[in-house]
1. Scan the stretch 158-168 residue by residue and report those that are touching a strand residue (DSSP E or B) at 6+ places or on another chain (Cβ under 8 Å) and either more than 22 Å from Asp215 (Cβ to Cβ) or among the charged types (D, E, K, R) (or both).
2. Which members of the stretch 37-80 meet the condition of being among the basic types (Lys, Arg) and in contact (Cβ under 8 Å) with a residue 12 or more places away in the chain?
3. Take the residues of the stretch 291-305 that are in contact (Cβ under 8 Å) with a residue 60 or more places away in the chain and surrounded by fewer than 20 Cβ atoms within 10 Å (Cβ to Cβ): which is farthest from His164 (Cα to Cα)?
4. Among (1) modelled with pLDDT of 95 or more; (2) in contact with a helix residue (DSSP H, G or I) (Cβ under 8 Å, 6 or more places away or on another chain), which single condition is Leu310 missing?
5. Take the residues of the stretch 163-195 that are part of a helix (DSSP H, G or I) and more than 14 Å from the chain's Cα centre (by Cα): which is surrounded by the most Cβ atoms within 10 Å (Cβ to Cβ)?
6. Working only within the stretch 48-96, note down all residues that are of a type in the set (S, T, N, Q) and farther than 20 Å from Gly128 by Cβ.
7. Tell me, yes or no, whether the stretch 25-35 has at least one residue that is surrounded by 16 or more Cβ atoms within 10 Å (Cβ to Cβ), farther than 22 Å from Arg313 by Cβ and either touching a strand residue (DSSP E or B) at 6+ places or on another chain (Cβ under 8 Å) or without any contact (Cβ under 8 Å) to a residue 12 or more places away in the chain (or both).
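The values are calculated or read from the model by the stated rules, or taken from the named source; none is laboratory data. These numbers come from a predicted model, not from an experiment. Positions of Cβ are backbone-derived with ideal geometry, glycine not excepted, and every protein chain shown enters the neighbour counts.
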Amino acid sequence: MSHIAVLTSGGDSPGMNTAVMAIARTADMLGMSLIGIDRGYNGLLGKNPDKDFIKLSLETALDIADLAGTQLRTARCLEFKNLEVQQRAAQLLRERDVRGVIVIGGDGSFKGAQALCRQGIPCIGIPGTIDNDLPYTSMTLGFDTAVNVCVDAVRSIRATSRSHDRPHVVEVMGRHCGDIALETATATGAEIVLCPEAKRWHIEEVANRLQRHIDRGDYRSTIVVAEGAWDWMAPFDVSAYLNAHGVSVFPGEEINAHRMAQVLSCMCHMPDGSSPEARHTVIGYTQRGARPTARDAAFAFEAGVRAVDLLNRGIGNRVIGRKAGRVFDEDIDKALRARRPFNRVMYNVINAL
C-alpha cells in the first residue's frame, strides 16, 4: 500500500500520540504516505474532507510523541453506525487514494473498523482505552498511565487521611471494567474496593466493613470505587437518609462519591462516639491527560510498527494486543468476542475484613 491513514476514536488515552509517531516512522521507512483523520470517524463523514484529512509528515509526528491526549483529536460518532454512512466513508477513502486505515481506540472504535473492512477497506486496530476493557489483550494504551496517576493520588490521600484520622472515598474511571480500581487498591493497600463486575453491593455492608477497620484502629481506610460500580448499588434512598441525619440533600439525588462519604460518616462512629468525617475525591480526567508511562509508550510504539507492517503486507481485519509481555495480532472478530474473567480472588482479599 502506498497510502494509509490513522485515526484516534472514542475516549483519548495516553500513548495515542506515541502510536501515531511509530506509525509515521514505519510508513516513512517503507515509503508510504500517511494521512491523519481529524476527530475520529467524524472525519470520514465527508463534511470537510480538505480539513479532516491531514498529511502527516515525519517531523510533525516526532514532535507529538511525548504529548498527552491525541493530537488528531477524538470524538464519538453515532452516525457511523449507519450502513449508508459507512459506505460513503469507504468511498471517500478510495477517492483520497487511502488503501488502509489504522484505528486507535476501544471496542466501539474497533466495531467501526469492522464496518470499514466489510466495505473493502483493510483496517488494523490498536487498543487505546484507559479502562483496559478489551478482554483479548492484557494491556491497552493508557491503562498503565491511568493506574499510576490513581496510585499517586491515593498515596497522597492516605498520607493526609492518616494525619487527620479520616476515611476517604476515591472514585476512579471504569464504567464497565473495574481494572483501574482493582489495581489501584492492590498497589496502595486500600481497605475496600467496589467494581462493576462484582455486581450488587449494599452500602450498609460497606459501612460495616469500614466500622470493623475503625474498631481495629485503622482510621484512614480508603474506599476505591470504579465509576461504573454506582450502577450496581442496592436500592438505598440517599436523600431521605441524609436529610434524616441533618444533611440537606435534594429529594431523589443519586449516590456519588460525595454522598457516599456523608452516608458513611453517619453510619459509622469513632471510638469516642464521634463521626469519622469521611472525605471524598474524584480523580477524573487527570487519568486521561497524563503523559504516557514508559510501559504504555513502549507498547504504543511496537503496536504502531506492527500495524503498518500488516497493512504493508496487504493484511487487514486484525487488532494488536499484548500478552505475557509480547505483542501479537489477532482477527478483529475473534477479539471482540473474547470475555475476560474478573479477578475475584484479589477483590475478595482486599474486601476480606
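1. Within the stretch 158-168, Arg158, Arg166 meet the criteria.
2. Arg39, Lys51, Lys55, Arg73, Arg76, listed by residue number.
3. We begin by selecting, within the stretch 291-305, every residue in contact (Cβ under 8 Å) with a residue 60 or more places away in the chain; these are 291-293, 295-297, 299-305.
Keeping just the survivors that are surrounded by fewer than 20 Cβ atoms within 10 Å (Cβ to Cβ) gives 291, 293, 295, 302, 305.
Numbers: Arg291: 32, Thr293: 32, Arg295: 35, Glu302: 46, Val305: 50 Å.
Of everything passing the filter in the stretch 291-305, Val305 is farthest from His164 (Cα to Cα).
4. (2)
5. Ala185
6. Scanning the stretch 48-96 gives Asn48, Ser57, Asn82, Gln86, Gln87, Gln91.
7. The answer is no, given that none of the residues of the stretch 25-35 is surrounded by 16 or more Cβ atoms within 10 Å (Cβ to Cβ), farther than 22 Å from Arg313 by Cβ and either touching a strand residue (DSSP E or B) at 6+ places or on another chain (Cβ under 8 Å) or without any contact (Cβ under 8 Å) to a residue 12 or more places away in the chain (or both).
For every residue, the table says whether it meets (1) more than 18 Å from Met16 (Cα to Cα); (2) surrounded by fewer than 14 Cβ atoms within 10 Å (Cβ to Cβ); (3) in contact with a strand residue (DSSP E or B) (Cβ under 8 Å, 6 or more places away or on another chain); (4) not polar (S, T, N, Q).
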site	(1), (2), (3), (4)
Ala307	no, no, yes, yes
Leu310	yes, no, yes, yes
Gly314	yes, yes, no, yes
Val319	no, no, yes, yes
Arg322	no, no, yes, yes
Asp331	yes, yes, yes, yes
Ala335	yes, no, yes, yes
Arg339	yes, yes, no, yes
Phe342	yes, no, no, yes
